[in-house]
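Working notes, structure below.
The values are calculated or read from the model by the stated rules, or taken from the named source; none is laboratory data. Just so you know, these numbers come straight off a predicted model, no measurement behind them. Here the Cβ positions follow ideal geometry from the backbone for every residue, glycine too, while neighbour counts run over all protein chains shown.
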Amino acid sequence: MKQINYLVIVFIGATLLCNCSAGKKTTSPAASIPSLKDVFKNDFAIGTALNTAQIEGKDPKAAALVEQQFNMATPENIMKAEVIHPEWNRYNFEPGDQLVSYGEKNKIRINAHTLIWHSQLPAFARQIQSADSFRLFFQQHISTVAGHYRGKVFSWDVVNEALNEDGTMRKSVFLNKLGEGFVTEAFRMAAAASPGTELYYNDYNNEQPAKRAGCIRLIKMIQAAGVRIDGVGIQGHWHAGKVPLQDIEQSIIEYSALGLKVMFTELDLEVLPRDFQGADVSQQMKNSPAMNPYPNALPDSVQQLLARDYSSLFKLFLKYRENVTRVTFWGVNDGQSWLNGWPVPGRTNYPLLFDREFKPKPAFYSVIATKQASAN
Ligand code: G3I
């Protein structure tokens, strides 16, 4: 009964909003649907990750939807060190510059991603032996890359995924060569190179109690050194049916209490089987028909589960709209999600609000209806 009521609300909400916006003139493939960025304009920014083809302007259908729906964007890969800093003395700023111009043209603010991450490092950096040379790479990388985008991007994910699940420091090349002070140092250098840019620590599962405690320890360490940190990103790679709402709420409360903005930076809800949580790209699983249960279409029951979970999440985000400043989806549509290729290559996944034809899914309408219900 509860489920039927819920579906009726979603349907009515969606119908109402579709009718309201029907007169809007736009060239989008989904011209008659409401716009997330407009619906949540008084609450928080709505972002998407953009892949290389989208940034290079080779995906016009995605572009139409992005311009209609989102007011922030995060590059999925092109600002990571292996792409932007491929050799010791060579930087590849072209794709990032293209993204900045795209954002300026379309009033989409850019969250730059990411300065310091153990993954997707260029080969030359992985081969550096001495701690002094590694420190030089670290310093030059931050000052050159953050300096290049000074005044051009809204924010930086300064340090990404520095923690283990138990809240201790990940044994990364940064920790091994520089010690845990590298986190504070990264923020200090980013603030100097790009003073007007918001600076964030970003991780997955940092809503979980042990990892959250580790994250709070890091934040306090940065703050105690008198170094600026503006926010903490909770990536939000969760599973439909297992979204940890209580932990998320507690995290918003605890991170906000440190004076930080909270953002959900890489939101997607996986619907396929997996035997672990999180987004550690080094973890892989074998493919089999059982691992890829919906190769042609998502059953209605799972669509509805996804819709309910997205609705619960947005209800929570709205409750803390004073603290939550951005919600970014990790991809434009289901076909473009990284979850089609990880942790099992070649699966058909459905974690986002738009389907492979860029059409809104029931989850999209449930998010819109959640806002409608909160406004009443
Ligand atoms: O660059 C090569 C390209 O030269 C080659 O032609 C192509 C062939 O497969 O592969 C390309 O590299 C891929 C890269 O994406 C760019 O498409 C890598 O194999 C692939 O592993 C990489 O995946 C990215 C992943 O980070 C790698 O760590 C995903 O697109 C990206 O969505 C994902 O994003 C991370 C966030 O940055 C941090 N949080 C977790 C999140 C999900 O893992």
**Prompt:** Does region 343-360 contain at least one residue that is charged (D, E, K, R), without any contact (Cβ under 8 Å) to a residue 40 or more places away in the chain and either touching a strand residue (DSSP E or B) at 6+ places or on another chain (Cβ under 6 Å) or within 16 Å of the ligand (Cβ to nearest atom) (or both)?
**Reply:** no
**Request:** Check region 271-278 and report whether any residue there is closer than 26 Å to ARG321 by Cα and either away from the ligand (no atom under 16 Å from the Cβ) or under 21 Å from the mean Cα position of the chain (by Cα) (or both).
**Result:** yes
**Item:** Only listed residue being away from the ligand (no atom under 16 Å from the Cβ), surrounded by 15 or more Cβ atoms within 10 Å (Cβ to Cβ) and not in a loop (DSSP other than H, G, I, E, B), chosen from LEU316, LEU298, LEU267
**Value:** LEU316
**Message:** Against the condition within 16 Å of the ligand (Cβ to nearest atom), under 19 Å from the mean Cα position of the chain (by Cα) and more than 26 Å from ARG217 (Cβ to Cβ), how does ILE78 come out, does it pass?
**Reply:** yes
**Asked** Can ILE253 be described as more than 16 Å from the ligand (Cβ to nearest atom), crowded, with 19+ Cβ neighbours inside 10 Å and among the β-branched types (Val, Ile, Thr)?
**Response** no
**Prompt:** Is it the case that LYS286 is more than 16 Å from the ligand (Cβ to nearest atom) and modelled with pLDDT under 95?
**Reply:** yes
**Prompt:** Would you say ASN164 is of a type in the set (S, T, N, Q), at pLDDT 95 or above and touching an Asp or Glu at 6+ places or on another chain (Cβ under 9 Å)?
**Reply:** no
**Yes/no for GLN304 being over 20 Å from the mean Cα position of the chain (by Cα) and modelled with pLDDT of 95 or more** = yes
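Table: residues versus (1) in contact with a Ser or Thr (Cβ under 8 Å, 6 or more places away or on another chain); (2) within 13 Å of the ligand (Cβ to nearest atom).
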site	(1), (2)
ALA64	yes, no
HIS85	yes, no
LEU99	no, no
LYS107	no, no
ILE110	yes, no
GLN120	no, yes
GLN127	no, no
**Prompt:** Going through region 113-125 one residue at a time, which ones are crowded, with 22+ Cβ neighbours inside 10 Å and without any contact (Cβ under 8 Å) to a residue 60 or more places away in the chain?
**Reply:** none
**Asked** Looking at TYR350, is it buried (at least 20 other Cβ atoms within 10 Å of the Cβ), in a loop (DSSP other than H, G, I, E, B) and aromatic (Phe, Trp, Tyr)?
**Response** yes
**Prompt:** In region 168-179, what residues are closer than 25 Å to ASN111 by Cβ and either assigned to a loop (DSSP other than H, G, I, E, B) or at pLDDT below 95 (or both)?
**Reply:** ARG170, SER172
**Prompt:** What is the residue count in region 165-177 for residues that are in contact with a Lys or Arg (Cβ under 6 Å, 6 or more places away or on another chain) and either away from the ligand (no atom under 15 Å from the Cβ) or aromatic (Phe, Trp, Tyr) (or both)?
**Reply:** 1
**Request:** Go through region 33-52 and give me each residue that's within 16 Å of the ligand (Cβ to nearest atom) and surrounded by 24 or more Cβ atoms within 10 Å (Cβ to Cβ).
**Result:** GLY47, THR48, ALA49, LEU50
**Item:** Conditions (1) under 18 Å from the mean Cα position of the chain (by Cα); (2) among the β-branched types (Val, Ile, Thr); (3) modelled with pLDDT under 95; number of the one not met by THR52
**Value:** (3)
